[in-house]
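These notes are about the structure you will find just below.
Every number here is computed from the coordinates shown, using simple stated rules; none is lab data. Quick caveat, the model's predicted, so the values are computed rather than measured. Here the Cβ positions follow ideal geometry from the backbone for every residue, glycine too, while neighbour counts run over all protein chains shown.
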Amino acid sequence: MAATAGSNVQQKIAEVLEGMTFPAYMNNADNTKISTPVLTDIDSVRQWLEDLRWMTETECMTVLQGKTIQPEDGESLPSPVRNTKEHIKMVRKRAHIITAECAKLFHKLDKERWKKVHSNALRITCTIRSLLHDISAHSPNLDIDVFQQQQVVMEECAQLIKHVESIGEINGEKPQKLPMVHSLTCLGQAFTRLIDKVLAHEVRTIVEGVADSPSAYCIKASITSLVGVAQGEPQMCHLIVKEGGVRALFTICRQDTANFVKSQALRAVATLCSVPEAIAEVEKVDGVGCLTDILCDPLTTEATRTEVAGVLAQITSPMLDHYRHVSGFIENMEDLLRGLIGLCETASSPEVFLLGSAAIANITFLDSMASEFLARYQVARVLITSSVRLKVSSIFIKDQLCTVLANVAMLEQCREDIIQCNGLTVLVGCLHEKPPYNKQTERVACERVQQKAAIALARLCKDVITAGVVKQLKGLQRLVELCRKPKERNYSDSVLVACLATLRKLASVCGEDEFSQEDLIQLVQPRLIDSYLICSSLQESFV
């Protein structure tokens, strides 16, 4: 804009100079014009033109900066949902601080440190009043029961201050501790109930945004807030489930017109299913049937099917404290497994393959019927081929792969598929995984990989040819190493037992001639418990 303005001024000056006529005394003898200096050659004019190129109209810039950037479809986020996530975090953070201060005050009362009791009690009540003011400012339309609970908290604050103000020795008597302890206890209980009601109101606002928002943008924003509030917070997951969050999310997933937000909704469901109440709610709304329909729909995108796999992996995880069979799985097991195997077969990234294989691995623990379906759809061939195609290196993917192969290796058809698809090489390679990873979760996953790879090899080595292939791949050597070097197995007893069992299986198939005399005496010939004790005594001492 500034450059254009400067060039226009220069052009105007040139046109003015071009049309000027000069008097006779300024002409020479042959009536030619006397050369005059060009205006732009003057230093001050030249400097002005240079500055003009970078000048802007302040008013125009102010107007532009004052304009708001509208979201998609020209719609703005409704005020009840705006900043709810941040407000919830603020309320919880300040509530934790107040709770910690109350605990300190209890300690001071117990120790009868009366000088500090007064100041601490005043600070607590002032902090509570400040929090209540901010809550009312953010949410002026709170439910009536929240306002009533606020009044109760304020009355308890006044009661506590009344007791604290009476501190002082009268007639040589010490202050009465019991009434203050009782008052502080009542205040803490009333404050806890208030915070629960406030959080429930805020969560209800988000859930209503998911269920009742008229636009795509508002639904997306509400689900994003819901996931942000629930992630890693079991208490908030409980509240969201209680306020109907799971039901609202599955309602969206069942709508044909909501394809734009199904992936987000499914991710939110997976986040909530870290608590047992959410899984129970999935059963109530026939969530497994809905997940099956989405997974098996040929028009469903890979991203959405991946989120379905994430939900299935979450609700079937055997590591959950509340692990149990979820209704609907047996009826839909074949369709689910077929869809998950298809997802792994066409996976475009290791992340997609991880979620698909994790769901398959978890389902194999649910019912023996799963193995039959897996054999029918050649799961071993698909997983091994896809893992090679994607060049997977994640220890967590190898964990899921070894789990599936170990669970299906009991079936003859699956054993043939594993051997024909170079599965022995994959399993022996998993035995060579090294435990010193940076994170504890990775080290534990490495132990599971070694253990399950050893179990899978023991189940596969039913003939001399297969056992000979494992020996050629240096699998026998690695099994012995894992038994004799505790550091190689991260001092895991489960890996040790699995390796000892596999060595004994190889000895029974190949014969004891393949082993050294020392290995036979210590690892093969004794009872399993004796070999375990021998190898356990080899652990390094750090004393």
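Hey, what's the per residue convex hull volume over the C-alpha atoms of the range 123-278, in cubic angstrom?
For the range 123-278, the hull spanned by Cα atoms encloses 123 Å³ per residue.
Could you give each residue of the range 358-364 its phi-based ³J(HN,Hα) in whole Hz, using Karplus coefficients 6.51, -1.76, 1.60 with θ = phi - 60°, and x for Gly or Pro?
5, 5, 4, 4, 5, 5, 5
Sorted by packing (mean other beta-carbon atoms within 10 Å per residue), highest first, where do 240-248, 155-163 land?
Descending packing order for the listed peptides: 240-248, 155-163.
Hey, can you rank 389-397, 216-224 by average C-beta count inside 10 Å, highest first?
The packing order, highest mean first, is 216-224, 389-397.
Could you sort 495-507, 417-429 so that the peptide with the highest average Cβ count within 10 Å comes first and the rest follow in order?
Top of the packing list down: 495-507, 417-429.
Take the Cβ-Cβ distance between Asp493 and Arg389 as r, set R0 to 41 Å, and report the resulting FRET efficiency rounded to the nearest 0.05.
It comes out at approximately 0.70.
Work the Kirkwood hydrodynamic radius out for the range 337-463: mean of 1/r over every pair of different alpha-carbon atoms, inverted, in Å.
About 14.3 Å for the range 337-463.
Report the charge-dipole magnitude of the range 422-542 in Debye, nearest 20, computed about the Cα centre from +1 at each Lys and Arg Cβ and -1 at each Asp and Glu Cβ.
Value, rounded to 20: 420 debye.
Quick check of the Kirkwood formula: for the range 282-385, what is the inverse mean of 1/r over all pairs of different Cα atoms, in Å?
Every distinct Cα pair counted, the radius reaches 13.5 Å.
Once the Cα gyration tensor of the range 106-153 is diagonalised, what are the square roots of 5 times its eigenvalues, in whole Å and ordered largest first, as equivalent ellipsoid semi-axes?
30, 11, 6
With label points built 7 Å along Cα→Cβ from the Cα atoms of Phe365 and Asp145, find their separation and express it in nm.
Result for the modelled spin labels: 3.8 nm.
For the range 422-542, how many pairs of lysine residues have a Cα-Cα distance under 29 Å, where the two are 8 or more positions apart or belong to different chains?
Lysine pairs meeting the criterion: 29.
How big is Rg to Rh over the range 422-542, alpha-carbon atoms, Rh as the Kirkwood inverse-mean-distance radius?
Rounded to two decimals, Rg/Rh equals 0.96.
Enumerate the calculated ³J(HN,Hα) couplings along the range 296-309 in order (Karplus 6.51 cos²θ - 1.76 cosθ + 1.60, θ = phi - 60°), each rounded to whole Hz, writing x wherever the residue is Gly or Pro.
8, 6, x, 8, 6, 6, 5, 4, 5, 5, 5, 5, 4, 4
Please give every one of the lysines within straight-line cross-link reach of Lys162, meaning a C-alpha to C-alpha distance under 29 Å, and leave out same-chain neighbours fewer than 8 residues apart.
Excluding near neighbours in sequence, the set is Lys93, Lys104, Lys108, Lys111, Lys115, Lys116, Lys174, Lys177, Lys197.
Note the full-extension length gain between Lys471 and Lys93 as 0.36 nm times their separation in residues minus their Cα-Cα distance, in nm to one decimal.
130.2 nm is the gain from fully extending Lys471 to Lys93.
Report ³J(HN,Hα) in whole Hz for each residue of the range 461-466, in order, from the Karplus equation J = 6.51 cos²θ - 1.76 cosθ + 1.60 where θ = phi - 60°; Gly and Pro get x.
Listing the rounded values in order: 7, 9, 9, 5, 5, 5 Hz.
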